[in-house]
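Presented below is the structure to which this report refers.
A short reminder: the numbers here are calculations on the coordinates, not readings from a lab. Fair warning: this is a prediction, and the values are worked out from it, not measured in the lab. Positions of Cβ are backbone-derived with ideal geometry, glycine not excepted, and every protein chain shown enters the neighbour counts.
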Amino acid sequence: MTPEQMTRFLSGYAPIEGVADELKRADGSMRPVWDPLMRHLAGQSAETLARAFARGDQYLHDTGVYFRQHSGTGMDAETGSLMRGWPLSHVPVVIAEAEWAALADGIAQRAELLERVMADLYGPGDLVRDGFLPADLVAQNPEWLRPVVGMKPRSGHYLHFLAFELGRSPDGSWFVLGDRTQAPSGAGFALENRMASTRIFHDLFQTTNIERLAGFFRSFRDAMNGLRGDGEGRVGILTPGQHTDTYYEHAYIARYLGFSLLECEDLTVQDGRLAVRTINGPEPVGVLWRRLDSRFADPLELDETSALGTPGMVAALRAGAMDMVNCLGSGVLESRALMAFLPRIARHLIGAPLRLPNIATWWCGQETEKSYVKANLERMMIGSAQSTKLPFDIEANTAVAGRFPCGADGSVSDWIEREGAQLVGQEAVTLSTTPAMIDGKLVPRPMVVRVFAARTPNGWAVMPGGYARIGRGGDPTTLGMQAGGSVADVWIMADQPVVQDTLARAQSGPFLRRLPGLLPARAADNLYWLGRYVERAEGSVRVLRAYHLRLEEYGRRTVPLVDRLGRFLESYGVDTREPVPEALLSHLDAALTCASKVRDRFSTDGWTALNDLADSARELSERVAPGDDAARAMSVLLRKTAGFSGLVHENMFRFLGWRFLSLGRALERADHMASVLASFAMAEGLDGGLDATVEIGDSVMTHRRRYSVETSRDTVIDMLALDRDNPRSILFQIDRVREDESKLAELSGAQGVGEAGRKILMLQTALAVATPEQITARRLSRTRRELAAISEALTAQYLS
Amino acid sequence: MSQTYDITLRIAYRYQNPAAASRTLLRMLPRTLPDQQLLYGTVTTDPAPDHRIDELDFFGNPCTELAHGRRLSEIDFLFKGRVLRYEPAHGLDLSCALEDVPREVAQIHSIAPESPHHFVGASPRLRPEPEIAAFARDCVAPGLSALAAVDAVSAALHDAFAFDPGATEVTTTPIEAFRARRGVCQDISHVMITGLRALGIPAGYVSGFLRTTPPEGQKRLEGADAMHAWVRAWCGAEAGWVAFDPTNAIRAGSDHVAVAFGRDYSDVAPVKGSLRSSGSHRTTHHVDVVPV
């Protein structure tokens, strides 16, 4: 690459005057740290680059990365949601190691300061007594949780994992827009952005010194394991559940770090200790990484209306029976108003000014500050003092530059005069810009970076990278960060070669000893139903194919078999006028819902295959005609189902959860076969009924080889009900159920045979000694009732 | 002047279908205060819990946290004890002027439990209500002392409200009760707290007991058959907290025995629990406050 080529490549990139830019200095020259990336970009053809970007997007699409984008603003907003894909801005933000080191230093100082503020607010209350914080700002803060006052965390620390939203001023210095102390999200998203960017810029990761993220996560994981203290109890991640905007991240990071993903209903407090309800009874939890807002954690002592909480959580924490990352009540540090007082508190508590300042903030409950804000309305953003939103999350009553952009009425000045104590003014800042590739050209876009810090035995560790958000338009004020921008990876570029690191690198304290798998009853239940729904869908598809093949063959003429197939389908809620019926789509949706609740224990390939199956079915439903067309569509769906089943049943390790998936599938398949046999193999004189049964049972070839005669009632029953070697027969399924349940009982250390085991054994024995003549329609319905009773017994024994 | 009471409080739950494993938080044991002393007394449950912790909550209320591991079809919570109650001094009006209250509040640099800062603005069950605020403003005139203002609001609410146990439930919001002008002590207290906070007076909720049988020749007070509720108002640094019973339009005195202080009912509910039962349940309360 010649310097001329580079110059040409960069010539169109024109930062806004008076705004700091990450790529270019004020004199228009490029910052050297960007050189390798820019050379790389300039040296690619548009097609090569588009292919590389597509690789990153494909990765994010395939892994199913999403977050629920809430109406209005950023990812912390609370109302209305829709799932959306990952808007990756492919050009990363590049920051030099030396600059980053100074920033990390400021972050560590700030983290320590926040720890001390929290210890005081939940301890002696000296900051209020000595006039460093107004009493009503604390007392009126909904995140200051009175039941936590006086509580001493077992580890001695309240805060363990924090995030900071940073921006860069026109003078080049960094400042904090918001401290995220409650349950900060984004670290997992940062990891996913990195995975995508390594796919896009694979070569650069080999040839340049981009700091790796794995070391940070390893330190944090080891620190969490270390918090277990005596080594008793597990580490879990507490999520509000799949309806939260960042659930994907919770599941992802649980898988990445190897911790259990738990919901409040998985947890119970017994004898003052927190435990997970597992399929084998309660298992103690020693450390909980809380991704749920504190006040929802315990309906008994905190928000009594919370449907998410675990009663007794506060008591367990108070009793010192566990540690929480971060301690309940940490959200108190997120209020905007606190930032007005932190500079002075820093000098008081740590005897030094803040190395990393925050956005200038004035609390309007004080006369001087109120007058100042009123006199400077033009360069202020005014909003609720207790809000924990970031400055670019404009709320209904936020005033910017003396006006209400969201349409509230009245004079801003009067408002401040009336409600001063509830308001803060914050300086309307200008952010820096960073290059984004739009329509093949680099253009400057405003950005903020979320940076993560974890407490380790060696002090605060700061992730060498971060989660950048890029504004959609060119407006470099915080307003430009609103509503749907994109996200980008952040590269810290070292001067020296970096260690090629992964999380798996062996090197850990005494706690890496793997505990046996922990399976919450709720997760087992979802796996069980996932197995059932996928099999239920497959059963419907097989009957639908048989139906449409015959519809094609006989046309609309009334043939008893077509009629019988139609009625059979209708008894399952299938509308036969729809070639790909809604009932089938809803089985697949139900399967997806179950799978989405256990994302942390699911392989990416399995998830992709299941999504592909559901997407295909929905897509086919829009364009398939009855008859041959529909039969072909069913064949496509059968192949995709087989693909999913293959991934799940052949490739998955036989861990506990797999047993539930397998149980669900076997019970559903046995029930379906019993139902098919009763409808089509028992009726005297139903022309073609036996052949249809064999076809639905996917056993045409087997039958031909095995019996070398025409189908007869007895050969069909023998093969599809009683043959232990036919993977479609009822008895084959019962054998699987027996094997799975015995394994579960054995692992739970149960003595003797339980209720479920007894019922399974009885049905297995009865079928093992039955002859084809004995299998009547009535016997088949009894078998179906026995299968239902087995399902109930399994649910009672393991799943509740 | 003092009075000793033997007090019994029994709260019983009966479930149609047995309720699953539960945790319960009780606030049934009377507080010990400068003008009130718990001589002896215990909180017990039947059946006995598998796990029990007794401690004080943030506001200093005695609390009992219970865990029952078994399914229960019935459970009784019982307090029995003896309390000595002194008549509080209702001497000179030491309260500041109504309009000076916010300034006096601002001068309190404390987030300790007794600090007035906890008792202004919104709380879990109470939020600002313009209609109640307007009612409260109509009760007061410029130049009133804080204490006189609270008395005025208390008297006006007593006149406006009909005591009607059938009109509201434990979950009724203050504005619903206010619009109906009907309710029980909980409703009237919630409305009064909302009104006082609108006037800038810090106000909190008190749950407790009322003497069941009046002294000879006196009228029986409303609210003596169940647990009672009244209001504490902060009337300036000098006067501090003063207790008012708007249901009876009196200052709370030696007929009142306080159990728990809080911002509103959610802080002081005698039984908070998480029993999960699919069927319906029935609750009965029985209170006896006998002078000895």
Taking every residue in B:48-55, how many Cβ atoms of other protein chains lie within 10 Å of its Cβ, on average?
2
Under a 5 Å amide H to amide H cut-off, with H placed in plane at 1.01 Å, what residues pair with residue A:436 once short-range neighbours are removed?
A:443, A:445
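Return the Rg/Rh ratio of the stretch B:197-292 with Cα-based radii and a Kirkwood Rh. Please list the in-between numbers first.
Working: Rg = 15.9 Å, Rh = 15.2 Å.
Checking Rg against Rh, the ratio lands at 1.04.
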Positive-pole candidate from A:278, B:134, A:531, dipole of the protein assembly as shown, charges at beta carbon:
A:531
Working from Cα positions, state the angle (0 to 90°, nearest 10) between the long axis of helix A:656-680 and the longest principal axis of chain A.
40 degrees
With label points set 7 Å from each Cα along the Cα-to-Cβ direction at residue A:501 and residue A:242, the distance between them in nm comes to 3.4 nm
Rank A:655, A:607, A:635 by how far each Cα sits towards the positive end of the charge dipole of the stretch A:598-660 (+1 on Lys, Arg Cβ; -1 on Asp, Glu Cβ) and give me just the farthest.
A:655
Along the Cα-to-Cβ line of residue A:559, 7 Å from the Cα, sits a label point; which residues in the stretch A:575-598 have backbone N less than 19 Å from it?
A:576-579
Given a 10 angstrom Cα cut-off, can you work out which residue in B:254, B:110, B:189 is the most mobile in a GNM of chain B?
B:110
Write out the trypsin sites (Lys or Arg not before Pro) in the stretch A:546-615 meeting two conditions: DSSP loop, and at most 10 other Cβ atoms within 10 Å of their Cβ.
A:556, A:557, A:577
Residue A:402 long-range amide H proximity, modeled H, under 5 Å
A:380
Taking DSSP loops as anything outside H, G, I, E and B, show the longest stretch in chain A free of chymotrypsin sites (Phe, Trp or Tyr not before Pro) there with at most 14 other beta carbons within 10 Å.
A:1-652
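Starting from the Cα-Cα distance between residue A:572 and residue A:202, subtract it from 0.36 nm times their residue separation and give me the gain in nm to one decimal. Before the final figure, lay out the partial values.
Numbers: separation 370, 0.36 × 370 = 133.20 nm, distance 5.11 nm.
Stretched fully, the residue A:572-residue A:202 segment lengthens by 128.1 nm.
Between their Cα atoms, which of B:80/B:219; A:597/A:640; A:24/A:370; A:152/B:80; B:80/B:272 are more than 29 Å away from each other?
Working: B:80/B:219 26 Å; A:597/A:640 22 Å; A:24/A:370 39 Å; A:152/B:80 33 Å; B:80/B:272 19 Å.
Long pairs (Cα-Cα over 29 Å): A:24/A:370; A:152/B:80.
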Rg [Å, one decimal], Dmax [Å, integer] - the stretch A:155-280, C-alpha atoms:
17.9, 60
Loop GluC sites (Glu not before Pro), the stretch A:643-692 (other Cβ atoms within 10 Å of the site Cβ: 15 or fewer; DSSP)
A:684
How large is log10 of I(q)/I(0) for chain A at q = 0.05, 0.10, 0.11 Å⁻¹ when the intensity is taken from the Debye formula with one equal scatterer per alpha-carbon?
-0.34, -1.08, -1.21
What 222 nm value per residue comes from the helices of chain A, counting each DSSP H run with n ≥ 4 as -39,500 (n - 2.57) and dividing by all residues, nearest 500 deg cm²/dmol?
-13500 deg cm²/dmol
Under a Gaussian network model of chain B whose springs join Cα atoms within less than 10 Å, the largest fluctuation of B:119, B:178, B:58 belongs to B:58
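Relative contact order for chain A using alpha-carbon pairs under 8 Å, separation at least 6, rounded to a whole percent?
Values: 1411 pairs, mean separation 112.8, N = 800.
This gives 14 percent for chain A.
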Taking a label point 7 Å from the Cα of residue A:764 along the Cα→Cβ vector, which residues of the stretch A:631-670 have an amide N closer than 20 Å to it?
A:654-670
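Want the number for residue B:127 to residue B:285: 0.36 nm per residue separation, take away the alpha-carbon distance, what's left?
Values: separation 158, 0.36 × 158 = 56.88 nm, distance 2.84 nm.
Roughly 54.0 nm would be gained on extension.
DSSP loop GluC sites (Glu not before Pro) in the stretch A:1-48 with at most 15 other Cβ atoms within 10 Å of their Cβ, which ones? Walk me through the intermediate numbers first.
Details: sites: A:4, A:17, A:22, A:47; in loops: A:17, A:22.
Passing sites in the stretch A:1-48 are A:17.
What is the magnitude of the charge dipole of the stretch A:210-288 about its Cα centre, with +1 placed on the Cβ of each Lys and Arg, -1 on the Cβ of each Asp and Glu, and no other charges, expressed in debye to the nearest 20? All intermediate terms of the calculation are to be shown ahead of the outcome.
Values: 8 positive and 11 negative charges, 54 e Å.
Using only the charged Cβ atoms, the result is roughly 260 debye.
In debye, nearest 20, what is the charge dipole magnitude of the protein assembly as shown about its Cα centre with +1 on Lys and Arg Cβ and -1 on Asp and Glu Cβ, if you could check? List each step's numbers first, then the result.
On the way: 117 positive and 134 negative charges, 465 e Å.
In debye, rounded to 20, the protein assembly as shown gives about 2240.
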Read phi for every residue in the stretch A:792-799 and hand back ³J(HN,Hα) as whole Hz from Karplus 6.51 cos²θ - 1.76 cosθ + 1.60, θ = phi - 60°, with x for Gly and Pro.
5, 5, 4, 4, 5, 7, 10, 10
Which residues qualify? For residue A:358, with a placed amide H closer than 5 Å and at least 5 residues away or on another chain, they are A:176
The stretch A:529-662: projected area of the alpha-carbon convex hull, averaged over directions, in nm²:
7.8 nm²
Quick one: what does P(r) look like for the stretch B:98-268 with 10 Å bins over all Cα pairs, in whole %?
11, 42, 36, 10, 1
On full extension of the chain, what length is gained from residue A:379 through residue A:739, given 0.36 nm per residue of separation minus the C-alpha to C-alpha distance?
122.5 nm
With x for Gly and Pro, the residue-by-residue ³J(HN,Hα) of the stretch A:197-208, computed from phi through the Karplus equation 6.51 cos²θ - 1.76 cosθ + 1.60 at θ = phi - 60° and given in whole Hz, is 6, 5, 6, 6, 10, 3, 4, 4, 5, 7, 9, 10
In a Gaussian network model of chain B with springs linking alpha carbons closer than 10 Å, the residue among B:148, B:243, B:258 that fluctuates most is B:148
With each run of n ≥ 4 DSSP H residues scored as -39500 (n - 2.57), what mean residue ellipticity at 222 nm is computed for chain B after dividing by its residue count and rounding to the nearest 500 deg cm²/dmol?
-5500 deg cm²/dmol
Distances longer than 22 Å among the Cα atoms of the stretch A:623-701: what percent of all pairs is that?
44 percent
Based only on other Cβ atoms within 10 Å, what is the fewest-to-most ordering of B:94, A:10?
B:94, A:10
Residue-by-residue Karplus 3J(HN,Hα) for the stretch A:266-273, coefficients 6.51, -1.76, 1.60, Hz, glycine and proline x
6, 9, 8, 10, 10, 6, x, 10
Of A:429, A:464, A:440, farthest towards positive along the dipole that unit charges on Lys, Arg, Asp, Glu beta carbons give the stretch A:424-503:
A:429
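Using a simple charge model, +1 on the beta-carbon of Lys and Arg, -1 on the beta-carbon of Asp and Glu, nothing else, what dipole does the stretch A:653-800 show about its Cα centre, in debye to the nearest 20?
On the way: 20 positive and 21 negative charges, 76 e Å.
Magnitude of the dipole: close to 360 debye.
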Row for chain B, column shape: gyration tensor on C-alpha, a ≥ b ≥ c, rounded if a/c < 1.5 i.e. under 1.5, prolate if a/b over b/c, else oblate; value prolate
